[in-house]
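What follows is one structure encoded as structure tokens, with my remarks underneath.
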Amino acid sequence: EADIYQTPRYLVIGTGKKITLECSQTMGHDKMYWYQQDPGMELHLIHYSYGVNSTEKGDLSSESTVSRIRTEHFPLTLESARPSHTSQYLCASSEFTGGAETQYFGPGTRLLVL
Amino acid sequence: SQQGEEDPQALSIQEGENATMNCSYKTSINNLQWYRQNSGRGLVHLILIRSNEREKHSGRLRVTLDTSKKSSSLLITASRAADTASYFCATDAGFQKLVFGTGTRLLVSP
């Protein structure tokens, strides 16, 4: 079991609300990621970070923002939630071993915007 | 577009049977990895095969890689109901991020 945590696990919220999805890892990994995934479907990379004070946009355009003030913490914020944001959000961190990157995933946050 | 495409999209088998799923990709890679995702959970790393390897085993898992065809297969032998999950391939093309495939949903019935 990977030491990467996401809260909340489930969130039901009304349109227009500001939300922050938390992600933390205790493995000391520099690289972290946020993916958006509809149930049973492919993963879409929305943000990633190489380390503290580094944030990059992923392949899928997203209205969310991220910050990386501490190595272990990579929160994702939606300023104004909309029904189109309903999805599962997966956080991951990665390590390099023998020249290869392996990702470790949190359990995910299921978001429903009404 | 996604680097990896998997087939079949869904597979339903009985316990004890073998399950084979395939992944095709588009560009040269450094390595290819397989991940499992149980319903409503995050992904878990299963196995990694490097571009200079052709076959790799881990327990009941066997992975093959054919770089000339840009394809990989994951074989799960003697499947169990607990193997029911979605399986994703992920390619590392050296651009400092993994690219995940579209996934195969495996259902193993008792």
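The values are calculated or read from the model by the stated rules, or taken from the named source; none is laboratory data. Given the structure is predicted, the values throughout are model-derived calculations rather than measurements. FYI the Cβ positions are ideal-geometry reconstructions off the backbone, even for glycines, and counts take in every protein chain you see.
Just a few scattered comments:
- In the range B:1-27, of all residues being acidic (Asp, Glu) and outside any loop (DSSP other than H, G, I, E, B), the one that is modelled with the lowest pLDDT corresponds to B:GLU5.
- Qualifying positions in the range A:10-36 - among the β-branched types (Val, Ile, Thr) and more than 16 Å from A:GLU63 (Cβ to Cβ): A:VAL12, A:THR26
- Within the range B:61-75, being more than 16 Å from B:GLY101 (Cα to Cα) and of a type outside the set (Val, Ile, Thr) holds for B:LEU61, B:ARG62, B:ASP66, B:SER68, B:LYS69, B:LEU75.
- Taking the criterion of being part of a strand (DSSP E or B) and crowded, with 17+ Cβ neighbours inside 10 Å, the residues of the range A:56-99 that qualify are A:VAL66, A:LEU76, A:LEU78, A:SER87, A:GLN88, A:TYR89, A:LEU90, A:CYS91, A:ALA92, A:SER93, A:SER94.
- Subset of the range A:100-114 that is part of a strand (DSSP E or B) and under 14 Å from the mean Cα position of the chain (by Cα) - its residue that is farthest from the other protein chains (Cβ to nearest Cβ): A:LEU111
- For the range B:82-102, the set of residues classified as in a loop (DSSP other than H, G, I, E, B), within 17 Å of A:GLY40 (Cβ to Cβ) and within 11 Å of chain A (Cβ to nearest Cβ) consists of B:GLY101, B:THR102, listed by residue number.
- Among residues that are within 13 Å of chain B (Cβ to nearest Cβ) and within 16 Å of A:TYR104 (Cβ to Cβ), A:LYS57 is not included.
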